[in-house]
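To start, the structure under review is shown below, and the notes come after it.
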Amino acid sequence: MDLFTHLVVGALTYILFMRDISLDFLPIAIFFSVLPDLDIFLMPLKRIFKSNYLEHRGGSHSYIIGIIITSIIGGIYSILSQRSFFIVWIIGSLFYGLHVSMDLLTTTRIPYLFPISRKERSFNIEKAGSFFTMVNSVIFFIVSMLIFTISADIIALTFFIDFYTFFFLIYYFYRISSKMWFSSSLNKNQKYFPGILPFFFMIFKKEIVENELSLSIVRKSHFSKNKEIFNTRTVLNEEEMVLFEQGMALCNKYYYFAKWTAIPIFIRKEGIFSIRFFFIETMMRKRTMFIQFDFDILSRQMISFNQGSGHVLNK
C-alpha cells in the first residue's frame, strides 16, 4: 500500500486502541508503521550483495525481520530517551507487523516470514498502490491538519478521526468479504483481482491446452453488467511454444515481476518472435506495465529486452 495509507492507518489504529493509555508513543507507532517502505533506500545495496531481498517489498516486509529491527532501534531509542525498552519494542513490533499485514492484503507477494521461510504470499484483496485509499488518506491528513491548526477544535477533530477510523474498518471489511465471496465460486483457471474502486473487480482466466493459449479478463461490479475487457486465443507452433517457455523462465528471474500475474501477448515479425508480458496488478484503465523479450527464431536466442507501459490490447 502507499505510504500515506500506512501512515494514516497506523495513526488511527494507535488512537483507537491506545489513546486512553498514552499519546506519548504515537510518533513511535507512526514511524514503525511506515518503516518497512524505507527499504527503497537499501535497493542500491543489491548490486553489492546480489540479494533480491534488498529489493522493495523484499526482506524488510517480514514479521521476523520486524522483530529484529524493532529490537535494535528500540534499544538505541530507550538508551537515548531513558524510556522503557519493552514498551518501545512492543509498540514497534505491533506497528511494524501492522504494515506487513496490510501489504499481505495487496496483490504483490511478500516474504512475510523471511528468513525462516522464503515463501511469499498475497491475498489479492487490495491493489498494491491503491489510488482510492491514497486519495482518502491524503484528504484525512490535510483536513486533520487544518482542523488542528486553524480552529484547534478537539471535539471536531475527535469526530473526524472516529469517522475515518470507521470508514477504513468498513472499507477493508467490504474488500475482504467481497474477495472471499467471489473467489469461492472460481475454478482453478480463474483468479480474482481487486479494481481501483471498491465496488469493481476483475476475473482473469487462463487456459493452456496443448499449444493453444486462451486468456480473458472480465470486469465485474455489484451494480452493473459484466464487461469483457480482454479476450485472446493464440495457437503456437512447437518452436514458438519452446520460446514461450523460455520467456516465462526469463520473466520469473526478475524478482519483482515474478511476483505478478503475466498476460503474454505474442508479436510475430520476419525471423523474430516477441513475447510482451503485461501485468494485471498494475493495470489502470487497461494500461499497465510490461516487459518484452525478442527472440531470434533460428537461433532461439534472446536478442533484445524492453520494459515500459502500454495498452494491454496493443501488440
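The values are calculated or read from the model by the stated rules, or taken from the named source; none is laboratory data. Just so it is clear, the structure is predicted and the values come from calculations on it, not from any experiment. Note that we place each Cβ from the backbone using ideal geometry, even for glycine, and neighbour counts take in every protein chain shown.
Of all residues in the stretch 228-278, which are touching a Leu at 6+ places or on another chain (Cβ under 7 Å) and hydroxyl-bearing (Ser, Thr, Tyr)? Selection gives Thr232, Thr234. Based on what the data block shows, is Glu239 assigned to a helix (DSSP H, G or I) and over 29 Å from Arg118 (Cα atoms)? So Glu239 passes the test. Is it fair to say Phe131 is exposed (fewer than 12 other Cβ atoms within 10 Å of the Cβ), over 17 Å from Ile30 (Cβ atoms) and aromatic (Phe, Trp, Tyr)? The answer is no for Phe131. Here is a check on your reading of the model: is Ser122 small (Gly, Ala, Ser), surrounded by 21 or more Cβ atoms within 10 Å (Cβ to Cβ), under 12 Å from the mean Cα position of the chain (by Cα) and more than 16 Å from Thr13 (Cβ to Cβ)? Against the criterion (small (Gly, Ala, Ser), surrounded by 21 or more Cβ atoms within 10 Å (Cβ to Cβ), under 12 Å from the mean Cα position of the chain (by Cα) and more than 16 Å from Thr13 (Cβ to Cβ)), Ser122 does not qualify. Of the residues examined, Gly271 is one that is loosely packed, with under 15 Cβ neighbours inside 10 Å, of a type in the set (Gly, Ala, Ser) and over 18 Å from Gly195 (Cα atoms). Apart from one condition, Ile68 fits all of (1) surrounded by fewer than 17 Cβ atoms within 10 Å (Cβ to Cβ); (2) touching a Lys or Arg at 6+ places or on another chain (Cβ under 6 Å); (3) not basic (Lys, Arg); the exception is (2). Evaluating Thr108 against the criteria (1) touching a helix residue (DSSP H, G or I) at 6+ places or on another chain (Cβ under 7 Å); (2) farther than 19 Å from Tyr172 by Cα; (3) buried (at least 19 other Cβ atoms within 10 Å of the Cβ) leaves one unmet condition, (2). Within the stretch 5-17, residues that are buried (at least 23 other Cβ atoms within 10 Å of the Cβ) have Cβ atoms under 8 Å from residues that are acidic (Asp, Glu) and in a helix (DSSP H, G or I) in these pairs: His6/Asp37, counting only partners at least 6 apart in sequence or on another chain. Evaluation of Ser185 against the conditions (1) within 22 Å of Val8 (Cα to Cα); (2) assigned to a loop (DSSP other than H, G, I, E, B); (3) without any contact (Cβ under 8 Å) to a residue 24 or more places away in the chain; (4) among the small types (Gly, Ala, Ser) shows that the sole unmet condition is (1).
Within the stretch 249-289, can you find the residues that are among the aliphatic types (A, V, I, L, M), closer than 18 Å to Val312 by Cβ and modelled with pLDDT of 90 or more? First the steps, then the outcome.
Just the residues of the stretch 249-289 that are among the aliphatic types (A, V, I, L, M), to begin with: 249-250, 258, 262-263, 265, 267, 272, 275, 280, 283-284, 289.
Checking which are closer than 18 Å to Val312 by Cβ leaves us with 262-263, 265, 267, 275, 280, 283-284, 289.
Across the stretch 249-289, the qualifying residues are Ala262, Ile263, Ile265, Ile267, Ile275, Ile280, Met289.
When the stretch 179-215 is limited to residues that are of a type in the set (Ser, Thr, Tyr) and surrounded by fewer than 18 Cβ atoms within 10 Å (Cβ to Cβ), the one that is nearest to Ile263 (Cα to Cα) turns out to be Ser214. In the stretch 21-92, counting only helices (runs of 4 or more DSSP H) that sit wholly within it, the ones holding 2 or more residues that are within 19 Å of the chain's Cα centre (by Cα) and within 21 Å of Met1 (Cβ to Cβ) span 26-34, 63-81.
Inspect the stretch 123-131 for any residue being part of a helix (DSSP H, G or I) and assigned by TED's automatic domain parsing to the domain that holds Asp37 and give the result as yes or no.
yes
Take Lys179 and tell me if it is outside any helix (DSSP H, G or I) and out of contact with any His (no Cβ under 7 Å at 6 or more places or on another chain). No; evaluated as a whole, the condition is false for this residue. Taking the listed residues Ile91, Ile67, Ile142, the one that is out of contact with any Pro (no Cβ under 7 Å at 6 or more places or on another chain) and more than 30 Å from Phe166 (Cβ to Cβ) is Ile67, with no other qualifying.
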